Amino acid sequence: MTIDQIPITRFSIITRITPKALRYYDQLGLLVPAAKDTLNGYRYYTADQMERGVRIKTLCSLGLSLEEVARYIDAEAKGDMNVVQALIEMHLRRTRGEINRLQRIEVLLKQSDRELIKMALSEPVIKDVPALRVVSKRDRGSYGETIGRLIGELCETLFRPDNQKNLVKMSGPVMAIYHDQEYKEKDADIEVAIPITGRIEVDEGMEVKNLPPVRVLAVVHKGSYETLHLTYKDLYEYMMKNAMEFAGPGRELYLSDPCKTAPEELLTEIQVPIKMG
């Protein structure tokens with residue numbers, strides 16, 4: 001070992017990274033020791049690697065994944081600030097979404113047991129939904145982040161000057177349509193649609209189409225989006241008792257603006273297309 005070689009245990013103390021994590025970073029090629037003893041396998045680092053180690057520690061503490069950390073450091077070294085900025089903005093959006101989720105949980109935990117369990121505002125009803133002309137966009141991802149992002153992109157298009165000049169207007173509540181046959185945490189197939197009137201010019205990936213008429217079992221949920229599963233359970237139990245079967249992708253219609261409405265006061269209509277058994 002030369003004077004410039006720092007043992008992994010000392011390097012761990014300096015960077016506040018555990019030896020276990022340092023060994024893993026070595027395997028990933030994220031922080032490779034400057035030297036390894038061929039006899040005992042000991043890892044040694046140099047003084048100029050301390051900055052990289054501290055950089056990795058800082059980015060990880062901010063919640064970036066190791067893949068994102070590697071991309072960030074690589075882009076920073078190459079001077080590609082566009083990639084650096086894109087990573088920061090993506091993580092900022094994710095952080096804001098997590099803050100909103102935790103705030104909704106805080107509100108929910110402050111509610112009484114009765115309010116927590118009884119969330120449905122109305123009894124399930126069967127109704128015929130007419131055909132709807134909508135502008136929509138479909139993508140994959142986690143539920144909250146993807147729905148929020150698609151709503152933002154659609155609304156931005158809707159309220160562009162050229163579309164407002166053509167008298168484009170919303171003619172109904174924003175809805176999310178779920179195309180999966182099962183629940184997925186991170187790769188859900190989600191479409192967001194907004195009923196509209198007027199002639200609209202859309203961006204790539206969006207489309208204007210007619211949703212066909214459909215018979216649905218519907219119920220209005222009152223409360224945080226975090227508690228929607230409670231009303232879904234009641235709705236599916238009602239379907240089973242009344243010999244109803246699924247007949248298409250389920251929808252959620254957002255009757256309240258979450259930016260202006262307290263989480264416990266939010267109204268969401270759940271619609272499940274059905275056929276009678």
Quiz item: Which ones in the range 236-277 are assigned to a helix (DSSP H, G or I), buried (at least 19 other Cβ atoms within 10 Å of the Cβ) and either touching a strand residue (DSSP E or B) at 6+ places or on another chain (Cβ under 8 Å) or modelled with pLDDT of 90 or more (or both)?
Solution: none
Quiz item: What is the number of the single condition among (1) over 30 Å from LYS186 (Cβ atoms); (2) free of Cβ contacts under 8 Å to residues at least 24 places away in the same chain that ILE8 does not meet?
Solution: (2)
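Residue by residue, here is whether (1) acidic (Asp, Glu); (2) not in a loop (DSSP other than H, G, I, E, B) holds:
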{"residue": "LEU167", "(1), (2)": "no, no"}
{"residue": "ALA193", "(1), (2)": "no, yes"}
{"residue": "GLU201", "(1), (2)": "yes, no"}
{"residue": "LYS209", "(1), (2)": "no, yes"}
{"residue": "LEU230", "(1), (2)": "no, yes"}
Quiz item: Which one of these does LEU30 not meet: (1) more than 25 Å from the chain's Cα centre (by Cα); (2) at pLDDT below 90; (3) of a type outside the set (S, T, N, Q)?
Solution: (2)
Quiz item: Restricting the first residue to the range 229-251 and requiring it to be at positive phi, which pairs with a second residue that is of a type in the set (A, V, I, L, M) meet a Cβ separation below 7 Å and a spacing of at least six or different chains?
Solution: ALA243/MET276; GLY248/VAL214
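The values are calculated or read from the model by the stated rules, or taken from the named source; none is laboratory data. Since the structure is predicted, the reported quantities are computational estimates derived from the model, not experimental observations. Ideal geometry is used to build each Cβ from the backbone, glycine not excepted, and the neighbour counts take in all protein chains shown.
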